[in-house]
Amino acid sequence: MTEPTREAISVDLSEKGTLKGQPISLDRRLFMKFTAFNGCASGQDAAQALADAGVEGTMYVDTNDPTGIGVMAMTEDPEFFATTLRDTFNRPPFTGMNHKGEFDMLGRTYSIGYEPDLEDTLLVKPRSKVLNPSFTWAVWYPLQRSKSFYVLPQDKQRQILAEHGSIGRRYGVAGLAADVRLACHGLDKHDNDFVIGLLGPNLFPLSAVVQDMRKTEQTSQYLDSLGPFFVGRTAWQSSNT
């Protein structure tokens, strides 16, 4: 029997989109890692350490923990998390803090297949949202879909997701909230499927988004878990260049 050629067994892992009716692809994506600590005596020292290490991202003060902070770091190369970011968290001032592992989140941007500008979808928009100086509040959380969702017919899945997405778009158009959605399949210790960030200039609309989404078919029938929720206010951002 003839051995399959490399071309015959190659796997296309690029993100897919559609431009003027034609399929497009881009093999780039943004990875985001969220890490939380408490026992932070000086937010300024932590922010300076992140800046000195060249971390791209945002640091939040934890609204529910008087000594807590959360760091959302972004990169196209996940090696950064295992090298530079890891080294940074193993030096002062972070070595004097307590790592809150329940808030660990790691995800990647993804396309759905109809986006006309994949670079904007995968790289530009997520960065601009996380680094938007007007978005002083953030709620980050993981979610796990029910496995039964994945065996629904594709048309039914699209209908469910469209209902869910329409709420986010309404808040976005009103300037009340922006969302960042990351896939975390195989990256999450609790087998979550997605990491969600709700960002905006005020906290109440972010809570209202979650409340409104409780009523959707996806949340009410096809989610196994949400959270834990990290609620933070921006204390430091890297430059958005």
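The values are calculated or read from the model by the stated rules, or taken from the named source; none is laboratory data. Just so it is clear, the structure is predicted and the values come from calculations on it, not from any experiment. All Cβ positions, even for glycine, are placed from backbone atoms using ideal geometry, and neighbour counts span all protein chains on display. Remember, those area values only see protein heavy atoms, side chains included, never the ligands or the DNA or RNA. Shrake-Rupley method; radii C 1.70, N 1.55, O 1.52, S 1.80 Å.
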> Does residue 182 fit the bill of being assigned to a helix (DSSP H, G or I), closer than 22 Å to residue 107 by Cα and touching a Gly at 6+ places or on another chain (Cβ under 7 Å)?
Replying inline: no
>> Need the failing condition index for residue 135 against (1) surrounded by 18 or more Cβ atoms within 10 Å (Cβ to Cβ); (2) of a type in the set (A, V, I, L, M, F, W, C); (3) touching a residue at least 60 places away in the same chain (Cβ under 8 Å); (4) not in a loop (DSSP other than H, G, I, E, B), just the number.
In response: (4)
>> Looking at region 27-66 only, could you name the residues that are assigned to a helix (DSSP H, G or I), among the small types (Gly, Ala, Ser) and surrounded by 15 or more Cβ atoms within 10 Å (Cβ to Cβ)?
In response: 43, 46, 47, 49
> Taking into account only those residues within region 111-132 that are in a helix (DSSP H, G or I) and of a type outside the set (D, E, K, R), which is surrounded by the most Cβ atoms within 10 Å (Cβ to Cβ)?
Replying inline: 130
>> Can you tell me how many residues within region 91-110 are within 20 Å of residue 185 (Cβ to Cβ), open to solvent by 20 Å² or more (accessible area, probe 1.4 Å) and assigned to a loop (DSSP other than H, G, I, E, B)?
In response: 2
>> Quick test for you: out of 211, 159, pick the one residue that is closer than 22 Å to residue 103 by Cα, of a type outside the set (Ser, Thr, Tyr), open to solvent by 70 Å² or more (accessible area, probe 1.4 Å) and assigned to a helix (DSSP H, G or I).
In response: 211
